[in-house]
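The values are calculated or read from the model by the stated rules, or taken from the named source; none is laboratory data. Since this is a predicted model, take the numbers as computed values, not measurements. When we count neighbours, we look across all protein chains shown, and the Cβ atoms used for this are built from the backbone with ideal geometry, even at glycine. To get the accessible areas, we keep the full protein, side chains included, count just its heavy atoms, and leave off ligands, DNA and RNA. Shrake-Rupley method; radii C 1.70, N 1.55, O 1.52, S 1.80 Å.
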Amino acid sequence: MMESFWRVLLLQDHNTRVVMAGACLFGAAAGLAGTFLLLRKRSLLGDTLGHATLPGITLAFLLAETFGISPRSFLWLALGATISGVAGMGAVLLIRKTSRLKDDAALAIVLSVFFGAGIAMLSAIQQLPGGQAAGLERLIYGNPASMTSSDAWFVLLASLLVAGVCGFLFKEFTLLCFDESYALTAGWPVRPLDALLMGLVVLVTIVGLQTVGILLVVALLVIPPAAARFWSDDLRAMALVAAGAGGLSSLVGVVASALLPGLPTGALIVLSAALFFGVSLLVGKKRGLIIRHLLEREAARRLRREHVLRAIFECAEDMQPVVTLEQVLAKRPWKKNELRSEISQLTDDGLLTTEPSGASFQLNGRGDSEARRLVRNHRLWEIYLLNHADVAPARVDRDADLIEHVLDQRLVDELEDLLDEKARERLVPGNPEKKLP
Amino acid sequence: MIWTELDTWIVVTGALTAMACAVPGVFLLLNKQSMLGDAISHAVLPGLAIGFLVSGTRDPLPMLIGAVLAGLFTGVVSGVIERRGRVETGASLGVVFCSLFALGLILIRIAADHVDLDPGCVLYGALELAVIDSAPVPRIVWQSGAILFLNLALAAVFFKELQLAAFDPRFAKASGIPSGWIHQGLTIVTALTTVVAFESVGSILVIAMLIVPGATAMLLSRRVAGVLLWSLVVALCSAVLGHLLAISVGPAWLGWLTGHNDLGSLSSAGMMAASAGGIFFTFLAASRLVQRFLPSLQKRTL
């Protein structure tokens, strides 16, 4: 086991080298092209495209003898696949243009109808003597081990072409993905660009037939880019992550299938991509579930802390500076335990001076200026809403609560300028940072 | 062309299955969930395989349960990824069904020692073999008839709810119709129909019949009830036409085109799907012509 693992990993067989290089390049190209497809919200087009290649492949297979070509030649079958893939895409566009049917319906119609026709022709091939249909199985379920050197060269060229075009037209494709109508009005050739992008997707699909097969080619167009979305908001970084993830999953899949003979390679590649997606969904740096949960908790914590400080300040403002727990409790519908723990936290942070029993406490110097800042922002905002934003007075306190936490200093200064002197004197406590009399 | 009793049963089974699929398909189409059929029919594969592995037999019940659970899993998990992970609808569906399908292919290969289950059989079905039965009416006919009856009954009972949940889910919710449950129910019915049809006709006919008859009917009627009726008619016609093409015209033309003159009949399920497509594109072209040359007619029928 160990020995064969090293044999595979150290690329000791020529065949392994070819297969690995081919699969990796395909994975990377698919990740790259899929990124734009994902952003154009057309991920499932890859699925339709993959299925739509079947009638072309089977027809090419049946016609091979007429033209005196070996029906097993990948390039000949790829030609058939390209023609019927493009026809399928044309049919999707036609349905979308000429009827009220939605995109997803057009995709499902073309997928099932083309695949059905393909299956019908496949059943004809299965009747041919000599079990020739076996040659097509590898294109339906994918079998990179059947890749020859010339196939690998084809994959290499196609992947370089995809990478080259994506790199060269990165800005144009970005514009197409994010603001198609702007691109159109600014005079960019939107239709040709769109057609070019779809052409790249067709190319990737054809290349993928041999690696992961008709049925799963969509997986590598969808999964790596969707996973990359969790790692970065920057399109350039996202495209790189998607390409890397595609390449890496193909590598892992090929290695795994070399170690676990008998299991389908295409499926193993897709499962490694799915694993990567699962990991990204959880721990992705930008949008992963864990990081988002932590950020949300942090924000909720800050919100509660600011509410407590404000409530203590308001109690102290109405009565004497020493405030009891019950007074604060009456301000808002919070839980007693929560409030108690927040107050001890504030005491530890040096914002409150608390009696040993914990029943009463007082804002100290730092706490007072922090609370003063919060209350001031809150009231400035209230005044702004009342005087300038035409919000019903009854709703002001709630709105103010929500937005005070995001007020930044510049907006506060702006509001100060906006509001008249009288209002400021009456409702707004002095700015602790400016020495007011 | 020789027409035997078996041909009759193939057409009857195909037509019953096609009509059974068309009923939930219309609502999938209205909900913009057309790709769900494709997704579920890929995703049920691991469910089938696990059903086999656990029970060790080709008993239909564990298979059915496993597959329905897998179908539900697809709907729920892709929803979670979409909302919690903020991934676009199509992509989150794609991630889930591709992963499940890959898992299914591997499980089937592992299970191959214990049970004979061929992924090809799941895809293409074996309609021609399934109708061979010693009973006067093959079991498969009863089975697809039952699922058609169930789907029609459910559609009739929940017609108002399905319609509201499709067109205005918020209003539906406000008026006390649990549109979330309606959607889940639709997913379950789709999964159930898919799984029952699998054994007999293969997934490709199911995917086609979930969407194509409904889409064709949308060109012919603007009312949901009308769309439902027309979709049943289109499903029936595609089944009949498909089988005719599969046993006579298809092999003749394909043989003439490619030089293989001794072709037998083609896969009926595949041809039924293809002829549904033929019917759809014919009506699409016709509707364009009507729009162009007879706009007055269009107001009434389209």
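A search for C-beta distances below 6 Å between a residue of the stretch A:250-277 that is aromatic (Phe, Trp, Tyr) and any residue that is in a helix (DSSP H, G or I), counting only pairs 6+ apart in sequence or on different chains, returns A:Phe276/A:Ala227; A:Phe276/A:Ala245; A:Phe276/A:Ser249; A:Phe277/A:Ile223; A:Phe277/A:Ala227; A:Phe277/B:Val95. For the stretch B:56-90, the candidate set comprises residues that are over 17 Å from A:Leu275 (Cβ atoms) and within 7 Å of chain A (Cβ to nearest Cβ); within that set, the residue that is surrounded by the fewest Cβ atoms within 10 Å (Cβ to Cβ) is B:Arg86. For the stretch A:181-194, the count of residues that are more than 14 Å from chain B (Cβ to nearest Cβ), open to solvent by less than 10 Å² (accessible area, probe 1.4 Å) and either in a helix (DSSP H, G or I) or among the aromatic types (Phe, Trp, Tyr) (or both) is at least one. Only residues that are facing chain B (nearest Cβ under 10 Å) and within 25 Å of A:Lys286 (Cβ to Cβ) were counted across the stretch A:225-259, and they come to 5.
Looking only at the stretch A:327-341, count how many residues are more than 15 Å from A:Glu314 (Cβ to Cβ) and not in a loop (DSSP other than H, G, I, E, B).
Residues that pass the stated criteria total 5.
Of all the listed residues (B:Val249, B:Val240, B:Val227, B:Val234), the sole one being touching a residue at least 12 places away in the same chain (Cβ under 8 Å), more than 10 Å from chain A (Cβ to nearest Cβ), over 19 Å from A:Leu101 (Cβ atoms) and not in a loop (DSSP other than H, G, I, E, B) is B:Val240. Among the candidates A:Ala226, A:Ala258, the residue that is at pLDDT 85 or above and either open to solvent by 20 Å² or more (accessible area, probe 1.4 Å) or under 14 Å from the mean Cα position of the chain (by Cα) (or both) is uniquely A:Ala226. Of B:Leu192, B:Leu210, all but one fail to be in contact (Cβ under 8 Å) with a residue 60 or more places away in the chain and open to solvent by 10 Å² or more (accessible area, probe 1.4 Å); the exception is B:Leu192. Within the stretch A:38-63, the set of residues being in contact with a Ser or Thr (Cβ under 8 Å, 6 or more places away or on another chain) and more than 9 Å from chain B (Cβ to nearest Cβ) comprises A:Leu49, A:Gly50, A:Ala52, A:Thr53, A:Leu54, A:Gly56, A:Ile57. Restricting the stretch A:287-305 to residues that are of a type in the set (A, V, I, L, M, F, W, C) and under 19 Å from the mean Cα position of the chain (by Cα) leaves a set whose member that is surrounded by the most Cβ atoms within 10 Å (Cβ to Cβ) is A:Leu289.
Restricting the stretch A:357-370 to residues that are under 14 Å from A:Val323 (Cα atoms) and outside any strand (DSSP E or B) leaves a set whose member that is most open to solvent (accessible area, probe 1.4 Å) is A:Ser357.
Scanning the stretch A:266-286 for residues that are open to solvent by 50 Å² or more (accessible area, probe 1.4 Å) and not in a helix (DSSP H, G or I) yields A:Lys285, A:Lys286. Filter the stretch B:252-273 for residues that are without any contact (Cβ under 8 Å) to a residue 60 or more places away in the chain, open to solvent by less than 50 Å² (accessible area, probe 1.4 Å) and under 22 Å from A:Ser112 (Cα atoms) and give the result. Listed by number, the residues that qualify are B:Leu254, B:Leu266, B:Met271. Checked against (1) modelled with pLDDT under 90; (2) assigned to a helix (DSSP H, G or I), A:Gly56 passes all but condition (1). Evaluate the following for B:Ala156: is it more than 14 Å from chain A (Cβ to nearest Cβ) and not in a helix (DSSP H, G or I)? The answer is no for B:Ala156.
Here is a list: A:Ala134, A:Ala117, A:Ala124. Which entry is within 13 Å of another protein chain (Cβ to nearest Cβ) and at pLDDT 90 or above? Let's see the steps before the verdict.
Numbers: A:Ala134 fails: at pLDDT 90 or above; A:Ala124 fails: at pLDDT 90 or above.
Only one candidate passes the filter, namely A:Ala117.
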